[in-house]
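Here is the structure we will look at.
The values are calculated or read from the model by the stated rules, or taken from the named source; none is laboratory data. Remember, it's a predicted structure, so these values are computed and weren't measured experimentally. Cβ placement follows ideal geometry from the backbone for every residue including glycine, while neighbour counts extend to all protein chains displayed. Remember, those area values only see protein heavy atoms, side chains included, never the ligands or the DNA or RNA. Shrake-Rupley method; radii C 1.70, N 1.55, O 1.52, S 1.80 Å.
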Amino acid sequence: ILKIAPGINNRITTITAQIHDDAWYADSNGQSATGIGGTPQGNSGIGAPRPLVGSVVDANGDIEFGVTETDTIASDGTVTTNLSVSFVPPATVAAAGPPIPLINLAAQVGAGGTLVAGQTLYYAISALDGAGDESALSFVVTAQITGAESSVTLTGLSFAAGVSGFNVYRGATPAEVLRIATAQAVSAQFTDTGLTEQPIPPADSNYDHANFYWRMELQSEEAATVYSPTTVGNGTLQMPANGYLGMTARITRGKGAGQEQTIAANTATTLTVAPAWTVTPDATSFFVVAEAAWHFGALAASSPADFEIPNQTGEVVEITGRAANANNVECPAAISIVTRWQIGGGGSGDSATPPAPSFAVGTSPLGGVVQLSAVSFGDLTNTHSISAGTLTLYYWNELTGQPTLALATAMSATDQTLTLSATGDATAGTYIQLDGEVMQVTAIGTNGLSYTVTRGIDGSAAAAHAAQTLIYTLTSTTLITPFPPQFFGTPYSGSWLFPISLPDVRVASAELYVTNDWGNSPTGSICLTNNDNNGLRTLSGGQYTIQVGGYLAIDQSAAPPLVVEAAHSVRDVFAVLGTAADAPVSLQLNVNGGAYCAMSVPAGQLVSSTVSGLGLPALAAQSQITLSVLAVGQTYPGADLTVLIRL
């Protein structure tokens, strides 16, 4: 179209047009044979090309760019995130291809289809020859759809000799048409009953290459609950006042989708844009806030385009691709596809939260330390981006001595309520331990004299408990352990240990969950009461030694008093003789003058039985330990005695 001339009072418009055939002109004015990026220029024109077409259809039925994320780990351990973006480049118009077909500019809209009312559709056709070459598009035909379940018939189709078929294109604007029918037999008309659009663009003589850009989203996608010609927002948001001044507001879905305007001001819930929206959003609309400027990513003549973006786990990046001609003139940004992509964190590959972990809890041989180890998974799916583990330990502090609270009456393995010998101090959610079973208190009753409980917590076995069984009210502590990226599955993960300083406690159970880019895993748990100690005793390490040299004799204070420098729980106590006696040697340890424990070395033996420290009181700081020899041998009393108190 060369000219549009309005008549008097604009009632009549005269349109002058001409048919143009590239074959009429020789391309011999000495220009370069290659386009931007070193790609063949071919018949690329100097007009703006049509918008680039994506390669995938999303859940909303919209055509988007296909995106694949990968990572690269540098020698210093840093991770860069790379995107591979796929698209459908248009075919070129062959110089020796078929001529442009003719079409009646008046479409016939009728019934018998699935096209919905209230839209304007644009149609065009192209011709195909026997070699598969495709012509440029015909004139574009407009169809106003006013009735429900409509169809559109294109008439007056006319093709040159040698044409073997034609393709049909349809779109919401003349520049954004996509193929709806391929290689149709030559005919004078074609009817569209509501055919599905394919992600195939028409041949474009102006296309030379594609430029790709990216920008970060600053406010995630939200449904519009506030909207007007100059605003959009959501009443639940807590945006910083005017924190997005100068940034870009974009309608991503619903009414007005694809519009972008600059943010002139914002409150906690509402964005004000300038200029006003071309199409006012409504309750069907969704919006985001993005950076004001696009960052260049890559130039590509064919799919895919590869480029690097910031490695910002969980953030959303917007990607747009714009077709360009040989002079790098791009198609309009307003009609170019914008695809949203959530960054997985260096291409972690995780697509959901991780599975529940398995793990082990032990103690250090030196004492006083709990060790978390053997964190593992039956399946490494969704474990690549795990960055932390949250461990909770439930334990009894042995320095406080034995509890005074006990069962008033016996309980069976199925009872959900226990009666206390005195008022308890637990609250709902507290863990308690009876023998080897861990329970969780869910409710307090009878003015604190009864607990309602959940039995068999963390894998402990629900069992019957006799009256006067001690009730240990457990303390909990929670710790965070970090994990480096891509940790699980490496050789190092098999020998990994995480030490936790926690002396003089008895750990009953432990719970662990891990966190990746998507969130927290289910909680894994283990019970540690399946031993003679009814738990994992951490103690504090070291020992006290009392020695008596020479032959033994009955003595109330066989060695100088030993002063305890700090409070300790006791692992065990035993005695060793250098020379055996001909009768049992009886010994007694005293703390602050009171009996603490008794030992006996059998006749003819050198080592006494071991007294477990589990039932012994903790040794208080500054207390004094003395040793009494209560009985020795008659002829051979025994000699060179050593008593060891292991902590």
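When the test is whether a residue is open to solvent by less than 50 Å² (accessible area, probe 1.4 Å) and not in a strand (DSSP E or B), Ala413 passes it.
Check whether at least one residue in the range 124-147 is closer than 30 Å to Ile15 by Cα, open to solvent by 50 Å² or more (accessible area, probe 1.4 Å) and either under 42 Å from the mean Cα position of the chain (by Cα) or among the charged types (D, E, K, R) (or both), and report yes or no. No; the residues of the range 124-147 include none that is closer than 30 Å to Ile15 by Cα, open to solvent by 50 Å² or more (accessible area, probe 1.4 Å) and either under 42 Å from the mean Cα position of the chain (by Cα) or among the charged types (D, E, K, R) (or both). With respect to the conditions (1) modelled with pLDDT of 95 or more; (2) open to solvent by 40 Å² or more (accessible area, probe 1.4 Å), Asn266 falls short on a single one, namely (2).
Applying the criterion of being touching a strand residue (DSSP E or B) at 6+ places or on another chain (Cβ under 7 Å) and either open to solvent by less than 20 Å² (accessible area, probe 1.4 Å) or on the phi > 0 side of the Ramachandran plot (or both) to the residues of the range 470-495, the residue that is modelled with the lowest pLDDT is Phe483. Restricting attention to the range 589-600, the residues being open to solvent by less than 50 Å² (accessible area, probe 1.4 Å) and either of a type in the set (S, T, N, Q) or in contact (Cβ under 8 Å) with a residue 24 or more places away in the chain (or both) number 7. Among the candidates Ala160, Ala148, Ala111, Ala94, the residue that is free of Cβ contacts under 8 Å to residues at least 60 places away in the same chain and under 26 Å from Tyr207 (Cα atoms) is uniquely Ala94. For the range 418-444, a tally of residues being part of a strand (DSSP E or B) and surrounded by fewer than 13 Cβ atoms within 10 Å (Cβ to Cβ) returns 1. Counting only residues that are open to solvent by 30 Å² or more (accessible area, probe 1.4 Å) and not in a strand (DSSP E or B), the range 270-300 holds 12 of them. The single condition among (1) part of a loop (DSSP other than H, G, I, E, B); (2) open to solvent by 60 Å² or more (accessible area, probe 1.4 Å); (3) at positive phi that Asp532 does not satisfy is (3). Just one of the numbered conditions (1) open to solvent by 30 Å² or more (accessible area, probe 1.4 Å); (2) within 30 Å of Thr404 (Cβ to Cβ); (3) in a strand (DSSP E or B) is not true of Ser628; which one? Tallying (1) open to solvent by 30 Å² or more (accessible area, probe 1.4 Å); (2) within 30 Å of Thr404 (Cβ to Cβ); (3) in a strand (DSSP E or B), Ser628 fails exactly one: (1). Among the candidates Leu539, Leu512, the residue that is assigned to a strand (DSSP E or B) and touching a Pro at 6+ places or on another chain (Cβ under 8 Å) is uniquely Leu512.
Restricted to the range 52-135, the set of strands (runs of 3 or more DSSP E) holding at least 2 residues that are at pLDDT 90 or above and more than 30 Å from Asp350 (Cα to Cα) comprises 108-115, 119-129. A search for C-beta distances below 6 Å between a residue of the range 562-584 that is in contact (Cβ under 8 Å) with a residue 24 or more places away in the chain and closer than 15 Å to Gly638 by Cβ and any residue that is open to solvent by less than 20 Å² (accessible area, probe 1.4 Å) and among the aliphatic types (A, V, I, L, M), counting only pairs 6+ apart in sequence or on different chains, returns Ala575/Leu587; Ala575/Met599; Ala575/Val601; Ala575/Val643; Leu577/Val601; Leu577/Leu641; Gly578/Ala639; Thr579/Ala639.
Residue count for the range 601-625, restricted to those that are outside any loop (DSSP other than H, G, I, E, B) and surrounded by 17 or more Cβ atoms within 10 Å (Cβ to Cβ): 4. Here the range 305-327 is the region considered, the condition is being open to solvent by 60 Å² or more (accessible area, probe 1.4 Å) and either farther than 23 Å from Glu260 by Cα or hydroxyl-bearing (Ser, Thr, Tyr) (or both), and the residue that is modelled with the lowest pLDDT is Thr313.
Counted as qualifying within the range 335-377 are the strands (runs of 3 or more DSSP E) with 2 or more residues that are under 19 Å from the mean Cα position of the chain (by Cα) and either modelled with pLDDT under 90 or under 30 Å from Asp62 (Cα atoms) (or both), namely 338-342. Test Ala249 against the criterion of being in contact with a Phe, Trp or Tyr (Cβ under 7 Å, 6 or more places away or on another chain) and open to solvent by 30 Å² or more (accessible area, probe 1.4 Å), and give yes or no. So Ala249 does not fit the description; no. Among the residues making up the range 558-567, none is open to solvent by 60 Å² or more (accessible area, probe 1.4 Å) and closer than 12 Å to Val629 by Cα. One residue stands out among those in the range 195-247 that are within 29 Å of Leu178 (Cβ to Cβ) and among the aliphatic types (A, V, I, L, M): the one that is nearest to the chain's Cα centre (by Cα), which is Ala223.
Checked against (1) touching a residue at least 24 places away in the same chain (Cβ under 8 Å); (2) open to solvent by 50 Å² or more (accessible area, probe 1.4 Å); (3) touching a Gly at 6+ places or on another chain (Cβ under 9 Å); (4) hydroxyl-bearing (Ser, Thr, Tyr), Thr182 meets all criteria but (1).
Scanning the range 79-100 for residues that are open to solvent by less than 30 Å² (accessible area, probe 1.4 Å) and more than 16 Å from Ser302 (Cβ to Cβ) gives Thr81, Leu83, Val93, Gly97, Pro98. Flag set for Leu589, criterion: in contact with a Cys (Cβ under 8 Å, 6 or more places away or on another chain), at pLDDT 95 or above and of a type outside the set (D, E, K, R).
Of the residues that make up the range 224-242, is at least one in contact (Cβ under 8 Å) with a residue 60 or more places away in the chain and not in a loop (DSSP other than H, G, I, E, B)? Within the range 224-242, not a single residue is in contact (Cβ under 8 Å) with a residue 60 or more places away in the chain and not in a loop (DSSP other than H, G, I, E, B). Remark: pairs (first residue in the range 364-376, over 19 Å from Ala508 (Cα atoms) and of a type in the set (S, T, N, Q); second residue open to solvent by 40 Å² or more (accessible area, probe 1.4 Å) and assigned to a strand (DSSP E or B); Cβ separation under 6 Å; 6+ apart in sequence or on different chains) = Ser376/Ser358.
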